[in-house]
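Take a look at the structure set out below.
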Amino acid sequence: MLIRLLMLVALALPFAPASAAERLGGEAIRRAFEGNTVSGRYTNGGFFTEYHEPDGRALGHNGWQPNRDACWTTRADQVCYYYGPQSDRTVHCFTVEQNRDLYVLRNAGNGQINALATVELGNPRKHGDNGEAWYCDGLISKAPEPPMSRRRFAAR
């Protein structure tokens, strides 16, 4: 059903008025994606479905393989995904436009539409880490605490 919906919307998209889509800021993207499942189709034909854990992990399938070490975060006006270990990590950032229930993800570097997606509340597809938990080291919320001397100075 999701595939049919995306195909119908993709066919109608060129005829939709340009002002109908709202470009979301980072906080609005976070509110829409966090704790929910984002599923869709890349413009090159691949499908993806990822549950956006509040702790920053992206569980599910990124379109090419099951996620084993994927993380997500938002910036001022983008959502970014990090795949792989730090030594050979790939980073993909997108701006997000919303038109009702459809989300348009544009490559943050060149502005081209990269994917069309929908958001399902919660984790209805039961995406998990398959017993291989990982840690999102690039997120500010997971950064180590400052040394004791800096904490005392900041408290003054």
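The values are calculated or read from the model by the stated rules, or taken from the named source; none is laboratory data. Source: prediction; values computed, not measured. Glycine also receives a Cβ, built like all others from the backbone with ideal geometry; neighbour counts cover every protein chain displayed.
So the values come out like this:
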| read-out | value |
| --- | --- |
| The one condition in (1) surrounded by fewer than 16 Cβ atoms within 10 Å (Cβ to Cβ); (2) outside any loop (DSSP other than H, G, I, E, B) that residue 44 fails to fulfil | (2) |
| Residue that is surrounded by the most Cβ atoms within 10 Å (Cβ to Cβ), among those in region 21-38 that are touching a Gly at 6+ places or on another chain (Cβ under 8 Å) and assigned to a strand (DSSP E or B) | 37 |
| Number of the condition not met by residue 87 [criteria: (1) hydroxyl-bearing (Ser, Thr, Tyr); (2) under 29 Å from residue 28 (Cβ atoms); (3) at pLDDT below 95] | (2) |
| Filter result (in contact with a Phe, Trp or Tyr (Cβ under 8 Å, 6 or more places away or on another chain) and crowded, with 17+ Cβ neighbours inside 10 Å) within region 98-107 | 105, 106 |
| Every pair of residues 6+ apart whose Cβ atoms lie under 8 Å, when the first sits in region 67-82 and is within 13 Å of residue 55 (Cβ to Cβ) while the second is of a type in the set (Val, Ile, Thr) and assigned to a strand (DSSP E or B) | 72/79; 73/79 |
| Single condition residue 132 does not satisfy, out of (1) outside any strand (DSSP E or B); (2) of a type outside the set (Lys, Arg); (3) modelled with pLDDT of 85 or more; (4) within 17 Å of residue 27 (Cα to Cα) | (4) |
| Failed condition for residue 91, given (1) touching a strand residue (DSSP E or B) at 6+ places or on another chain (Cβ under 8 Å); (2) on the phi < 0 side of the Ramachandran plot; (3) surrounded by fewer than 16 Cβ atoms within 10 Å (Cβ to Cβ); (4) touching a residue at least 40 places away in the same chain (Cβ under 8 Å) | (4) |
| Those residues of region 49-60 which are buried (at least 18 other Cβ atoms within 10 Å of the Cβ) and in contact (Cβ under 8 Å) with a residue 40 or more places away in the chain, in sequence order | 49, 50, 51, 56, 57, 59, 60 |
| Residues that are in a loop (DSSP other than H, G, I, E, B) and farther than 23 Å from residue 109 by Cβ, drawn from region 47-59 | 53, 54, 55 |
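A quick yes/no check of all residues on (1) touching a Lys or Arg at 6+ places or on another chain (Cβ under 9 Å); (2) of a type in the set (Val, Ile, Thr); (3) closer than 18 Å to residue 123 by Cα:
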| site | (1), (2), (3) |
| --- | --- |
| 42 | no, no, no |
| 53 | no, no, yes |
| 71 | yes, no, yes |
| 80 | no, no, no |
| 87 | no, no, no |
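Conditions (1) under 22 Å from residue 134 (Cβ atoms); (2) hydroxyl-bearing (Ser, Thr, Tyr), marked per residue:
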position	(1), (2)
28	no, no
31	no, no
39	yes, yes
45	no, no
62	yes, no
65	yes, no
72	yes, no
82	yes, yes
93	yes, no
